Amino acid sequence: MSSDAPTREEAFALLTRYTKSESLIRHALAVEAVMRYIANKTGEDAEKWGVIGLVHDLDWEMAPEKHCTETKRILEEADWPEEYVRAVLSHAWGMFTEVEPETTLEKTLYTIDELTGLVSSTALVRPSKSVLDMTPKSVKKKWKDKGFAAGVDRGVIERGAEMLGRDLTEIIDDTIMGMREAADELGLRGAV
């Protein structure tokens, strides 16, 4: 592949080559859907945002202790543009990398990565088991319960919202709306 913009097909092929876990593939699809939704809403390049969202955790299954290191190698070997590689690295800022999110795309990825997990978990404990009838209020109620989806770092989401200068409720709403567009692929259509 040249350093032209990678396509969704190329990104999905990489994702499924390095990720076999259904839950990790669904997470990547959720992040992709939310990135596309927010890009469309704000007039950004939805294809670029979605492709970056799709590959952001490319190496998580094979090398969680070296998260992003293998992804960087894989993307560089595939001749992906530096802007895409940097964006992927920035989502793990302060955890696995020192690449601080700078652009709106990077800050958005950093913020919604963890948030998609909280939204998914919240949907699955609802009577409908669906994201289609969910509101930010449902997520915020679960937010306060630190034992619920304990692996979700709420501090990262809060820092990301602050970096973006956006209200947390609005970001939760955008995340829900983005995930609604991929509800079937995410297994979150439920009984609505």
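Quick look at the values:
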read-out	value
From phi via Karplus (6.51, -1.76, 1.60), per-residue ³J(HN,Hα) for the range 61-72 in Hz, x at Gly/Pro	5, 8, 8, x, 6, 10, 3, 5, 5, 6, 4, 4
For the range 122-129, Karplus couplings with θ = phi - 60° (6.51, -1.76, 1.60), whole Hz, Gly/Pro x	5, 4, 6, 9, 6, x, 7, 6
Lys, Arg +1 and Asp, Glu -1 on Cβ, resulting dipole of the range 48-101 about Cα centre, debye, nearest 20	120 debye
Stretch gain in nm, segment Glu10-Glu162, where the contour uses 0.36 nm per residue and the Cα spacing is subtracted	51.4 nm
Ascending count of other beta-carbon atoms within 10 Å, so fewest first, for Lys137, Lys107, Lys72, Lys66	Lys137, Lys66, Lys72, Lys107
At q = 0.18, 0.22 Å⁻¹, base-10 log of I(q)/I(0) for the range 53-127 (Debye sum, equal scatterers on each alpha carbon)	-0.71, -0.97
Flagged links, alpha-carbon separation over 27 Å, of Lys107/Lys146; Lys72/Lys144; Lys48/Lys72; Lys107/Lys142; Lys20/Lys146	Lys72/Lys144; Lys20/Lys146
For the chain: span of alpha carbons on each principal axis (Å, largest first)	46, 35, 32
The range 105-180 and the range 1-60: distance between their alpha carbon centers, rounded to Å	19 Å
Charge dipole magnitude, Cβ of K and R +1, D and E -1 - the chain, Cα centre, debye nearest 20	1120 debye
Mean ellipticity per residue at 222 nm, deg cm²/dmol - from DSSP H runs of n ≥ 4 across the chain, formula -39500 (n - 2.57)	-19000 deg cm²/dmol
Fluctuation leader among Phe12, Phe96, Phe148 - the chain, Gaussian network, Cα springs under 10 angstrom	Phe148
Charge dipole (the chain, unit charges on Cβ, about Cα centre) - positive-most of Thr16, Val99, Ala78	Thr16
Cut-off 12 Å between beta-carbons: net charge of the residues surrounding Ile52, Lys and Arg +1, Asp and Glu -1	-4
Principal-axis tilt of helix 154-164 within the chain, Cα atoms, nearest 10 degrees	70 degrees
Candidates Arg17, Arg154, Arg36: whichever shows maximal mean-square fluctuation once the chain is modelled as a Gaussian network with Cα springs under 10 Å	Arg17
Karplus-derived 3J(HN,Hα), 6.51/-1.76/1.60, for each residue of the range 174-184, Hz, glycine and proline x	4, 5, 4, 4, x, 6, 4, 5, 10, 3, 5
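Every number here is computed from the coordinates shown, using simple stated rules; none is lab data. Quantities reported herein were computed from a predicted structural model and do not represent experimental measurements. Positions of Cβ are backbone-derived with ideal geometry, glycine not excepted, and every protein chain shown enters the neighbour counts.
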